[in-house]
1. Please state which of the following conditions ALA197 fails to meet, knowing it meets all the rest: (1) under 24 Å from ALA35 (Cβ atoms); (2) open to solvent by less than 10 Å² (accessible area, probe 1.4 Å).
2. What about GLY311, is it touching a residue at least 60 places away in the same chain (Cβ under 8 Å) and more than 20 Å from PRO337 (Cβ to Cβ)?
3. Right, VAL360: under 25 Å from ASP289 (Cβ atoms) and of a type in the set (A, V, I, L, M, F, W, C) or not?
4. Evaluate the following for ALA210: is it at pLDDT 95 or above, buried (at least 21 other Cβ atoms within 10 Å of the Cβ), touching a Phe, Trp or Tyr at 6+ places or on another chain (Cβ under 7 Å) and part of a strand (DSSP E or B)?
5. I'd like to know if region 260-268 contains one or more residues that are closer than 17 Å to LYS159 by Cβ, touching a Ser or Thr at 6+ places or on another chain (Cβ under 9 Å) and assigned to a helix (DSSP H, G or I).
6. Determine if region 219-236 includes at least one residue that is surrounded by 24 or more Cβ atoms within 10 Å (Cβ to Cβ), closer than 26 Å to ASP86 by Cβ and touching a residue at least 40 places away in the same chain (Cβ under 8 Å).
Amino acid sequence: MSFLREEPITLIARLVRSEALTNDDLVLQKANRVAFEFDSIDARMSADEALATIADRADRSRLVVLKILTTAEKFQYLADIGGIRDGQWYRINLLPRGKKPGPFAWASSLGDAGYDEIVPFVLDEIRYLFSEGDSPLSPVGAAVGNERALGQAIAEACKFPERAIDKSRAARHLLSGAKSPHKIVVRDVGQASFCSAIDQYGNELFHLDAGWPISYNKKTASSKPKVKVSDVPVILSHWDWDHLHGYHAIAGLAGGIWIVPVQRLGPGAKLVAEKLATHNRLLGVSSADVSAGPLRLGRCNGKAGNLNQTGLCVQTTLQSGKTVLFMGDADYDLVRPRLSTLPDFIVATHHGAKFTGSVVWPRGGSGRCVVSVGKGNGYGHPSDVAVLSHSGAGWSMSFTCERNGMPRGSRYLGP
């Protein structure tokens, strides 16, 4: 039985993303609920035990993904904090539903197939500890000081593996041998992102992200995809679970070489990075341009600390000579290096959510765009506003979920 079935639950948690639920008709934006998502670990252990868990040398089920649903104003009040941003660390207490009123929360511990279970809670207490990059903190009371010391030890252990940094040259060498794809398949993985470049026989050449729905979007999942060729390279746009959860959940992905952005990590993400680095399968890319074979990788230049906006974007050329642009969850205006030619196909950024700036235009004034999204997801994706922005720019839209009378399923870009 997962320790989440015990009570009460206390976690040391890193805020990895906060996303307002899409509601295009909402008048009072302050009333909008926000999904606060954390990469966390059981706080009821010593620093040595916690570090062994992150290194996958102890009980990995003590690693937890957590979502709290409330308004930004309520979150700030409960945490007694003035501003919310990714990379903040908290101590969080959870209670089973019905024990007391409070914001709803959902947690899942790491199992053999990833973060698969889901346990409902209410938020009992949340205490801000520190932010990454803070200067040395002033002394506090013993209890808070112990919590903060544990949190800081965990945060230090969650740094991106040093031996995998500055691997752009190795990434370029690996990709130089890649064949030009016949098509890109945008796989129906529900509320997640998993695309594969395939040849004319359907064999995978490389993957763009490796996502599978996290527990609280499990209802959007389809049957798990099966890859025909195991251990081909995975190009990860950024370290969000709906883009990398396939490492745990989908056979044939963990054994490949992963080309990834160098970003700050939480405990569960660090376990993945450390496992890959230990087997020399992690290539961290920091430079703005890695061009090789049919691929061109760029580093999005968004706000530091924001996983969505500082990851990798990918341009790939098909055998037909047409190009596909893949942004992950980043705004189109952040693509680096600048596009030398407009794309013929795109995978819509951020599952069709709202974005800042303009939509990239299709070459020749028209092109095909696929939205990788799961119907009934917890964020309200896709946004009608974003869909209209794409179609207004000349993109013909299709979706991996059921929509407009079309059944759900994987979609293809190309030839």
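1. Of the numbered conditions (1) under 24 Å from ALA35 (Cβ atoms); (2) open to solvent by less than 10 Å² (accessible area, probe 1.4 Å), the odd one out for ALA197 is (1).
2. Against the criterion (touching a residue at least 60 places away in the same chain (Cβ under 8 Å) and more than 20 Å from PRO337 (Cβ to Cβ)), GLY311 does not qualify.
3. Answer is yes for this residue.
4. It is false that ALA210 is at pLDDT 95 or above, buried (at least 21 other Cβ atoms within 10 Å of the Cβ), touching a Phe, Trp or Tyr at 6+ places or on another chain (Cβ under 7 Å) and part of a strand (DSSP E or B).
5. Yes, region 260-268 contains at least one residue that is closer than 17 Å to LYS159 by Cβ, touching a Ser or Thr at 6+ places or on another chain (Cβ under 9 Å) and assigned to a helix (DSSP H, G or I).
6. Scanning region 219-236, I find at least one residue that is surrounded by 24 or more Cβ atoms within 10 Å (Cβ to Cβ), closer than 26 Å to ASP86 by Cβ and touching a residue at least 40 places away in the same chain (Cβ under 8 Å), so the answer is yes.
The values are calculated or read from the model by the stated rules, or taken from the named source; none is laboratory data. Values in this document were obtained by computation on a predicted structure and should not be read as measured data. As a convention, Cβ positions derive from the backbone with ideal geometry for all residues, glycine included, and neighbour counts pool all protein chains shown. Accessible surface is based on the protein model in full, side chains and every heavy atom, while ligands, DNA and RNA are left aside. Shrake-Rupley method; radii C 1.70, N 1.55, O 1.52, S 1.80 Å.
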